[in-house]
Amino acid sequence: MNGTISNNSDERGLLPYPVILAATKGDPDAMKLVLQHYQSYMAHLSMQKIRDESGNTYWGIDEDLRERLQAKLMRAVLNFKAD
């Protein structure tokens, strides 16, 4: 996409259409903005209850799951037909 891509989400938290359109065409800057936009959501979905060797339980992000969600989002964006 020519020019600078802006991630000025509107008041509803939606990505601007030009960013989505550029991401569907494989623009790396636009794809980065899409991933950043959904970063906290993917982290939330990746939260797992983890128990250490001492038996203590805590919450942590399953990095493997987070990376798989990120890859799935990228595939969905690239396969989306915006035109």
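The values are calculated or read from the model by the stated rules, or taken from the named source; none is laboratory data. In this text, all values refer to a predicted model and were calculated from it rather than measured experimentally. Here Cβ is always computed from backbone atoms with ideal geometry, including for glycine, and neighbour counts include all displayed protein chains. Note: areas computed on protein heavy atoms with side chains; ligands, DNA, RNA excluded. Shrake-Rupley method; radii C 1.70, N 1.55, O 1.52, S 1.80 Å.
Return only the number of the condition from (1) in a helix (DSSP H, G or I); (2) free of Cβ contacts under 8 Å to residues at least 60 places away in the same chain; (3) open to solvent by 40 Å² or more (accessible area, probe 1.4 Å) that LEU14 does not satisfy.
That leaves (1) as the condition not met.
Could you tell me whether ILE50 is touching a Ser or Thr at 6+ places or on another chain (Cβ under 8 Å) and either of a type in the set (Val, Ile, Thr) or at pLDDT below 95 (or both)? Before you say what the answer is, go through the steps one by one.
Numbers: touching a Ser or Thr at 6+ places or on another chain (Cβ under 8 Å): yes; either of a type in the set (Val, Ile, Thr) or at pLDDT below 95 (or both): yes.
Taking the combined requirement at face value, the residue satisfies it.
Counting just the residues of the stretch 29-82 that are in contact (Cβ under 8 Å) with a residue 24 or more places away in the chain and part of a loop (DSSP other than H, G, I, E, B), which one comes out surrounded by the most Cβ atoms within 10 Å (Cβ to Cβ)? Steps first, answer last, please.
Going through the stretch 29-82, the residues in contact (Cβ under 8 Å) with a residue 24 or more places away in the chain turn out to be 29-31, 33-38, 42, 45, 66, 69-70, 73-74, 77-78, 80-82.
Still in the running and part of a loop (DSSP other than H, G, I, E, B): 38, 80-82.
Numbers: TYR38: 16, PHE80: 11, LYS81: 5, ALA82: 11.
Checking each candidate, the answer is TYR38.
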